[in-house]
1. Residues in segment B:592-604 that are of a type outside the set (Lys, Arg) and either surrounded by 24 or more Cβ atoms within 10 Å (Cβ to Cβ) or out of contact with any strand residue (DSSP E or B) (no Cβ under 9 Å at 6 or more places or on another chain) (or both): how many?
2. Counting only residues that are surrounded by 19 or more Cβ atoms within 10 Å (Cβ to Cβ) and under 24 Å from residue A:104 (Cα atoms), which one in segment A:45-76 is nearest to the other protein chains (Cβ to nearest Cβ)?
3. Which ones in segment B:524-566 are more than 24 Å from residue B:658 (Cβ to Cβ), out of contact with any Ser or Thr (no Cβ under 9 Å at 6 or more places or on another chain) and polar (S, T, N, Q)?
4. Within segment B:171-213, can you find the residues that are at positive phi and open to solvent by less than 10 Å² (accessible area, probe 1.4 Å)?
5. Test each condition in (1) within 17 Å of residue B:151 (Cα to Cα); (2) touching a residue at least 24 places away in the same chain (Cβ under 8 Å) for residue A:114 and report the one that comes out false.
6. Being in contact (Cβ under 8 Å) with a residue 60 or more places away in the chain, crowded, with 16+ Cβ neighbours inside 10 Å, within 30 Å of residue A:140 (Cα to Cα) and of a type in the set (Ser, Thr, Tyr) is the requirement here; does residue B:447 meet it?
7. Could you list all residues from segment B:433-479 that are more than 25 Å from the chain's Cα centre (by Cα) and within 14 Å of another protein chain (Cβ to nearest Cβ)?
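The values are calculated or read from the model by the stated rules, or taken from the named source; none is laboratory data. As the structure is a computational prediction, the values presented were derived from the model and not from experiment. FYI the Cβ positions are ideal-geometry reconstructions off the backbone, even for glycines, and counts take in every protein chain you see. Heads up: the accessible areas ignore ligands, DNA and RNA and are worked out on the full protein's heavy atoms, side chains in. Shrake-Rupley method; radii C 1.70, N 1.55, O 1.52, S 1.80 Å.
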Amino acid sequence: MTTPKLANLTAAFISISIFLFLSSSPADGATATSLITGTCKQTPDFNLCVSTLTADPRGPKAAGVQTLALIIIDAVKAKATTAYADIKRLLKTAPELEGPLKSCAQQYNVILTAEIPEAEEAVSGGVAKFGEDGMRGSASDADLCEDGFVKVKSPLTVENKVVSGLAAVGAAVIRQLE
Amino acid sequence: MGDHNQPFLSVSGDPECAPVHDDSVVDDALHRPQGSSKSKLLLAVFSGIFVVCLILAGGYDKSGVIKIHQLEGGDEMGVGPIEMPAGSATTRPSLSRGKSAGVSEKANLSPQQLLGGGEGSGDGLSEDFPWNNSMLSWQRTAFHFQPEKNWMNDPNGPLFYKGWYHFFYQYNPNAAVWGDIVWGHAVSRDLIHWLHLPLAMVADQWYDVQGVWTGSATILPDGKVMMLYTGSTNESVQVQNLAYPADHDDPLLLDWVKHPGNPVLVPPPGIHHKDFRDPTTAWQTSEGKWRITIGSKVNKTGIALIYDTDDFVNFELKDGFLHGVPGTGMWECVDFYPVAVAGGDGLDTSANGAGVRHVVKASLDDDRHDYYAIGTYDEEAGKWYPDNPAIDVGIGIRYDYGIFYASKTFFDQSKQRRILWGWIGEWDSEAADVRKGWASLQGMPRTVVLDTKTGSNLLQWPVEESESLRLRSKEFKNVVAKPGAVVPIKLEAATQLDIVAELELDKEAVDRVVESDEEFKCSSSSSKGAAHRGALGPFGLLVLSEETLSEQTPVYFYVVKGKNATLRTYFCADQSRSSLANDVNKQIYGSSVPVLKGEKFRVRMLVDHSIIESFAQGGRSVITSRVYPTKAIYGAARLFLFNNATEAGVTASIKVWQMNSAFIRPFPNL
């Protein structure tokens, strides 16, 4: 056996090992159960769904879709809360964007005070369709906030996209409860 | 089913790599006699690392156990198609914004269905629609039941008692979205002029603290009222509770007592604690017992459970179900009632015998529509069989082909008629609902009778008291609309109307046109709604339309001449251009409607601001629409007759009444 050939082989081993390691579980080491993957396959964003659910300690332990739905709703709430705080801050620091920012404040207020509580109560109570309403409404409101920035660049694009995408995933998860 | 906690495989608590031989391989390598080549050492070390990485890749979990078996979750997983909400991150921004899709009573929208918006909407994409208070406040209705503010859903416990019609409803006292549900209450002498009363029941017991949900009233022979309703307990279990008036001499039934022994029913074995709700009015059996039904499901089969009782406190679950239909999912708001074969008057809920058919109705949670079927009730067996299993409950006829859910009938003993209430939700955005401060209406109460001409469907018609709202009328006789014509129907105002129209197609054209094998559906995705032109349709009315037709809501007939020159008729409503706003429903919907030999095309429409109720062929097919124009409001709203058929002219005779307000308000001096 010649040395160069062996060197190639070991290099190959290293590459494959690294590849397998990186392509395996999410970075935090949590595992997507078949409940999570099966549920997330029926949502518009499989990866976002899986990563959100596995990042929550309840996710891999969840015995049913209802728990998964509540996790997503909590995630939407968290993202919407920070977005709302950013909007409030921007209203002070970017007065030239007052118009669309005020609309955004209204939309996120609806998300936080009406639509998320609706979704939580409905999913807990077993009347999922109202939970779907709450999530679809939240997605719609995040989109409306983003659309309000017409001639100027939106400072909230990333946050709006996340809230909208997560809420859409939430609606699709809740749909599976019906 | 249910959220049973299924433990994972045994948790060893050891978070380290399980397989044992890694170290020995490495040890082997390290202790290898110096005489072997260095390359073999390297190979061994990297093999070891490789194996370790494989194990890490292979589903190593926090509990230290390699997951070989993946356990199924406790709840069933949905198996329906993925519904992509329009406007989700993956489909914007090149499509028209439209509403972020399918919610409860709100329609599922595909990207194609969101297109529209008419002229003048610009690109319709780049900004929020600027709803102003004028547009929003116009949306409130003048003569449909709605509370002064906030959210409403299902009708509850309707009854006629000591001279008053009573109406209760699911209500959120705190917001314009669903939640914190309690029972609202209102009374009326005539089903039209409603007076609001204080809340009848609130969520103040452990057995209904998470929601005082839907229920029904039974009037006993001695006049006493029993109200059974669903409570969501402190642990979110659905149970049935009994309540009754605190004072049976109070015609307003202001105060209600909850039976101290509640709940009177809990989910039976095999029924999930979240699939057990909406008890019906009771009817008497030949044994003198009272019988009720409650909707539920087993896997994907929607069912109606049966219970017998003597006292509304102790119940006996009967074997089997009243009926069930596979694939229909959860049956909400089940209704069960007799209709007379001869038509005419309605029947008491306990009526039975010759000349009586029975209707089973369910609200399907899965698609948010109300379905009914007509059949035979076998009282002894406690079973009901549909006349035509092909159009069984949930797979056949709907009360309404627009927005109409959680409906419930009651027998009005004062006028011997069966009356249908239905919840009409919103088809705009929740954000708009919060902004305008309210959401939902009730439909105009309708009488329900068997259609004696077809024998296979019901007829629904606005209660005759609706005619008391009629003010001035204008008649338009023999208005001709040639193919492609849009004919203005000149009125002093066009937002509160009662329209009765009879239309005829040009007979010579009908005889002349060739047979078509067109497979028509109001809602087909290639259909352009009322803009799609066939030989014999569409033709009908454009309601809540603006002078230049930038906003229009067509309600119309579409006729197809099929094999052997048989005519098939469809009755549709098209919202694709009803509003320039981009955050409202823009769907096209409807159904086929039987038109018998010699019948003209007939339609009655109640237009009341943001609600349109359309009744075809005397109520054989009904469509309720919620529309939110931005321009065709107040004095700018118009009515047109239109004919988009290519071959046939249309002649119409139309009578239009201006409709008064019902002045729905709080009960005075309470």
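1. So in segment B:592-604, the residues of a type outside the set (Lys, Arg) come out as B:592-596, B:598-599, B:601, B:603.
From what is left, the residues that are either surrounded by 24 or more Cβ atoms within 10 Å (Cβ to Cβ) or out of contact with any strand residue (DSSP E or B) (no Cβ under 9 Å at 6 or more places or on another chain) (or both) are B:596, B:598-599, B:603.
Going through segment B:592-604 one residue at a time, the tally reaches 4.
2. A:48
3. B:524, B:526, B:527, B:564, B:566
4. Quick first cut of segment B:171-213, residues at positive phi only: B:179-180, B:191, B:211.
If the condition is that a residue be at positive phi and open to solvent by less than 10 Å² (accessible area, probe 1.4 Å), then B:179, B:191, B:211 are the ones that fit.
5. Among (1) within 17 Å of residue B:151 (Cα to Cα); (2) touching a residue at least 24 places away in the same chain (Cβ under 8 Å), residue A:114 violates only (2).
6. Numbers: in contact (Cβ under 8 Å) with a residue 60 or more places away in the chain: yes; crowded, with 16+ Cβ neighbours inside 10 Å: yes; within 30 Å of residue A:140 (Cα to Cα): no; of a type in the set (Ser, Thr, Tyr): yes.
Answer is no for this residue.
7. none
Conditions tested, residue by residue: (1) surrounded by 24 or more Cβ atoms within 10 Å (Cβ to Cβ); (2) touching a Phe, Trp or Tyr at 6+ places or on another chain (Cβ under 8 Å).
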{"site": "B:215", "(1), (2)": "yes, yes"}
{"site": "B:246", "(1), (2)": "no, yes"}
{"site": "B:259", "(1), (2)": "no, yes"}
{"site": "B:277", "(1), (2)": "yes, yes"}
{"site": "B:291", "(1), (2)": "no, yes"}
{"site": "B:314", "(1), (2)": "no, no"}
